[in-house]
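Report on the following structure.
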Amino acid sequence: MKQFSPKGVCSRNISFEVIDGKVATVKFEGGCNGNLQGISRLVEGMAVESVIEKLKGIKCGFKQTSCPDQLAKALEESI
């Protein structure tokens, strides 16, 4: 599992695994538990590029980023 420390959001850590170009597992530590569990389940099995395309640039309230955007950044750094 790879680890990513998100910046500017409530979650403190994102753990994820990519197998054969697809997101296999995603776990957020901290943040909005229910929403982040939902996002994790929705992206599992998806191609990394598709997840990045869908989540990149999402903002949370007045913040310039969000947990989904940070996941996209984590995945970008992994490829």
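Before moving on, here are some points about what is shown:
- Filter result for I58 (among the β-branched types (V, I, T) and more than 9 Å from the chain's Cα centre (by Cα)): yes
- Counted residues, region 42-75 - those being acidic (D, E) and either at pLDDT below 95 or under 17 Å from F28 (Cβ atoms) (or both): 2
- Members of region 7-57 that are in contact with a Cys (Cβ under 7 Å, 6 or more places away or on another chain), open to solvent by less than 30 Å² (accessible area, probe 1.4 Å) and not in a loop (DSSP other than H, G, I, E, B): L36
The values are calculated or read from the model by the stated rules, or taken from the named source; none is laboratory data. Bear in mind the structure is a predicted one, so any value in this text is a computation, not a measurement. Every residue, glycine among them, receives a Cβ derived from its backbone with ideal geometry; neighbour counts consider all protein chains shown. Note: accessible area is taken over every heavy atom of the protein model, side chains too, but ligands, DNA and RNA are not part of it. Shrake-Rupley method; radii C 1.70, N 1.55, O 1.52, S 1.80 Å.
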